[in-house]
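Below is one structure, written out as structure tokens; comments come after it.
The values are calculated or read from the model by the stated rules, or taken from the named source; none is laboratory data. On a predicted model such as this, the values are computed, not experimentally measured, just so you know. We place every Cβ from the backbone using ideal geometry, glycine too, and count neighbours over all the protein chains shown.
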Amino acid sequence: MKLKLTPGALPPGLSFWHPAALLGTWFGAGLMPFAAGTWGSLAALPFAWVIHGLWGVPGLAVATLVLAAAGLWAADTIVARSAIRDPGLIVIDEVAGMFLTLAFAPRTAWAYALAFVLFRLADIVKPFPANWCDAQLHGGLGVMLDDLVAGLYAGIAVWLIATYGMVHYGDLFPR
């Protein structure tokens, strides 16, 4: 029998205070009753802004790797307890994907907004091989990897637009 989760609810027996639940839902953002992935992506932005400001792109790259590892564990734990392949309440994958996207972006409001939109688009559309990862990989690896691939696509797009776009991002939102 498959367990169906109510939007905004953790699997039975998994406390919000369990480290896998805290990380997997990104401190509760994934428990929103609708558009959990969008809320998780939004919740990533202030963390990324601070990391980017303090440690630059290398800091975002390290944070992405740390989140990918923690997300693999958290997603595995939640998936095992829910018996659902990719519960929508897991949003640490969106956070890691946003961090990866933002590693390609300049630290401006314009670039962060563009990165958010392009990441959400890539995460929803799931261009190959993200769609393959989503369909073929199971457990925490499947949950995490499709968003990291989407983050890579979105990051490259942000970098191309910021580097070669017709409007210079600094003209829109100067520091």
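Applying a threshold of 7 Å to beta carbon distances and a minimum spacing of six or more residues, or different chains, the list of pairs starting in segment 127-150 at a residue that is over 19 Å from Ile78 (Cβ atoms) and ending at one that is surrounded by fewer than 20 Cβ atoms within 10 Å (Cβ to Cβ) and basic (Lys, Arg) reads Ala150/Lys126. Among the residues of segment 49-99, those identified as in contact with a helix residue (DSSP H, G or I) (Cβ under 7 Å, 6 or more places away or on another chain) and small (Gly, Ala, Ser) are Gly59, Ala63, Ala68, Ala70, Gly71, Ala74, Ala75, Gly88, Ala96, Gly97. One residue stands out among those in segment 30-46 that are in contact with a Phe, Trp or Tyr (Cβ under 8 Å, 6 or more places away or on another chain) and modelled with pLDDT of 95 or more: the one that is nearest to Arg120 (Cα to Cα), which is Ser41. Among the residues in segment 100-117, are any closer than 18 Å to Val143 by Cα and modelled with pLDDT of 95 or more? Yes, segment 100-117 contains a residue that is closer than 18 Å to Val143 by Cα and modelled with pLDDT of 95 or more. Across segment 8-29, what is the number of residues that are in contact (Cβ under 8 Å) with a residue 24 or more places away in the chain, assigned to a loop (DSSP other than H, G, I, E, B), within 19 Å of Phe47 (Cβ to Cβ) and not hydroxyl-bearing (Ser, Thr, Tyr)? Qualifying residue count for the region: 1. Taking the conditions (1) buried (at least 20 other Cβ atoms within 10 Å of the Cβ); (2) touching a Lys or Arg at 6+ places or on another chain (Cβ under 8 Å); (3) not in a helix (DSSP H, G or I) in turn, Leu89 satisfies each one other than (2). Scanning segment 48-72 for residues that are surrounded by fewer than 17 Cβ atoms within 10 Å (Cβ to Cβ) and in contact (Cβ under 8 Å) with a residue 12 or more places away in the chain gives Trp49, Gly53, Val57, Ala61. If you go through segment 9-38 and keep only what is under 12 Å from the mean Cα position of the chain (by Cα) and surrounded by fewer than 20 Cβ atoms within 10 Å (Cβ to Cβ), you end up with just Thr38.
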